[in-house]
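*Asks:* One structure follows; several queries about it will come next.
The values are calculated or read from the model by the stated rules, or taken from the named source; none is laboratory data. Quantities reported herein were computed from a predicted structural model and do not represent experimental measurements. Every residue, glycine among them, receives a Cβ derived from its backbone with ideal geometry; neighbour counts consider all protein chains shown. The area values use the complete protein model at the heavy-atom level, side chains included, leaving out ligands, DNA and RNA. Shrake-Rupley method; radii C 1.70, N 1.55, O 1.52, S 1.80 Å.
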Amino acid sequence: MDKLSFLKDELPTLMAKLKAGDKGNWGVLTAQGMVEHLGDALREANGKTPIKTLTPPDKLEKAKSFAMSDKPFKENTKNSMMSAEPAQLNFISIDAAIVDYQKEIKAFIKHFKGKEESTLPNPFFGDLNFAEWTHLLHKHATHHCKQFNLL
């Protein structure tokens, strides 16, 4: 299955196996928090949440090289945009968070339709086009799937 199909079709099915309060193998996110976190990443990737690149220009090439590699994120990878405490949940249930995720993946595809080479910034890896965002979103999602024993 290609990466976009995984994100669009397989991932929501995997997420539906979780209970909202399930804890991961590492980190502070609950299952619902993780689903909401993936939805937040999609809002950056589809342009709904405007973001600036935080990585210094002299470190960006190395960071993007890692992002575009097949090397996975390490367990407990720190995200400087997240606090040490779990973020407040935004949805009434994990099912509602999954519906939001599905809406945002569709918006991601729509945003880039016919302009796949245009870019949007990622806070850690710089300007990414559709293929690069898809690769990164897949890498990020599989990291969290492993966190919650979905893969």
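*Asks:* Can you give the Rg/Rh ratio of the chain, where Rg is from the C-alpha atoms and Rh is the Kirkwood radius?
*Replies:* On the way: Rg = 14.7 Å, Rh = 15.7 Å.
Here the Rg-to-Rh quotient is 0.94.
*Asks:* From the square roots a ≥ b ≥ c of the eigenvalues of the alpha-carbon gyration tensor of the stretch 36-123, which class results: rounded (a/c under 1.5), prolate (a/b over b/c), or oblate?
*Replies:* Oblate.
*Asks:* Something else about it: Could you tell me which of rounded, prolate or oblate describes the stretch 76-116, using a ≥ b ≥ c as the square roots of the eigenvalues of the alpha-carbon gyration tensor, with rounded for a/c under 1.5 and, failing that, prolate when a/b is larger than b/c and oblate otherwise? Each step should come with its number before you reach the end.
*Replies:* Working: a/c = 3.69, a/b = 1.46, b/c = 2.53.
Oblate, since a/c reaches 1.5 and b/c is not below a/b.
*Asks:* Moving on to the next point. From the helices alone, meaning DSSP H stretches of at least four residues, give me the mean residue ellipticity at 222 nm for the chain, per-run term -39500 (n - 2.57), in deg cm²/dmol to the nearest 500.
*Replies:* -14500 deg cm²/dmol
*Asks:* Cα axis of helix 31-45 to longest principal axis of the chain: angle in degrees, 0 to 90, nearest 10?
*Replies:* Helix 31-45 sits roughly 20 degrees off the main axis of the chain.
*Asks:* Further, regarding this structure: Where a ≥ b ≥ c are the square roots of the eigenvalues of the C-alpha gyration tensor, would you call the stretch 1-76 rounded, which needs a/c under 1.5, or, failing that, prolate if a/b is larger than b/c, or oblate?
*Replies:* Verdict is prolate for the stretch 1-76.
*Asks:* List, in order, the whole-Hz ³J(HN,Hα) value for each residue of the stretch 123-134 obtained from phi through the Karplus relation with A = 6.51, B = -1.76, C = 1.60 and θ = phi - 60°; use x for Gly and Pro.
*Replies:* x, 10, 10, x, 5, 10, 8, 4, 5, 5, 4, 4
*Asks:* On average, how much accessible surface per residue is there in the chain, in Å², for a 1.4 Å probe, leaving out ligands, DNA and RNA?
*Replies:* Per-residue accessible area for the chain comes out at 57 Å².
*Asks:* Using θ = phi - 60° and the Karplus form 6.51 cos²θ - 1.76 cosθ + 1.60, what ³J(HN,Hα) does each residue of the stretch 62-79 get, whole Hz, x for Gly and Pro?
*Replies:* Per residue, the Karplus-derived 3J(HN,Hα) values read 5, 5, 5, 4, 5, 4, 8, 7, 8, 6, x, 5, 6, 4, 6, 4, 7, 10 Hz.
*Asks:* Between Glu75 and Asn129, what FRET efficiency comes out of the Förster formula 1/(1 + (r/R0)^6) with R0 = 25 Å and r the beta carbon distance, rounded to 0.05?
*Replies:* E between Asn129 and Glu75, to the nearest 0.05, is 0.30.
*Asks:* With every protein chain present, what accessible area does Ser93 have (1.4 Å probe, heavy atoms only), rounded to the nearest 10 Å²?
*Replies:* The value for Ser93 is about 40 Å².
*Asks:* Roughly how many Å is it from the Cα centre of the stretch 119-133 to that of the stretch 54-108, as a whole number?
*Replies:* Taking the Cα centre of the stretch 54-108 as reference, the centre of the stretch 119-133 is 12 Å away.
*Asks:* Could you check the spin-label model distance between Ser93 and Thr119? Points 7 Å from the Cα along Cα→Cβ, value in nm.
*Replies:* Placing both labels 7 Å beyond Cα along the Cβ direction yields 4.2 nm.
*Asks:* Considering the dipole of the stretch 1-99 built from charges on the beta carbon (Lys and Arg +1, Asp and Glu -1) around the Cα centre, which of Ala20, Ala41, Asn76 is farthest to its positive end?
*Replies:* Value computed over the given set: Asn76.
*Asks:* Would you work out what percent of the accessible area of the chain, with all protein chains in place, is carbon or sulfur (probe 1.4 Å)?
*Replies:* 55
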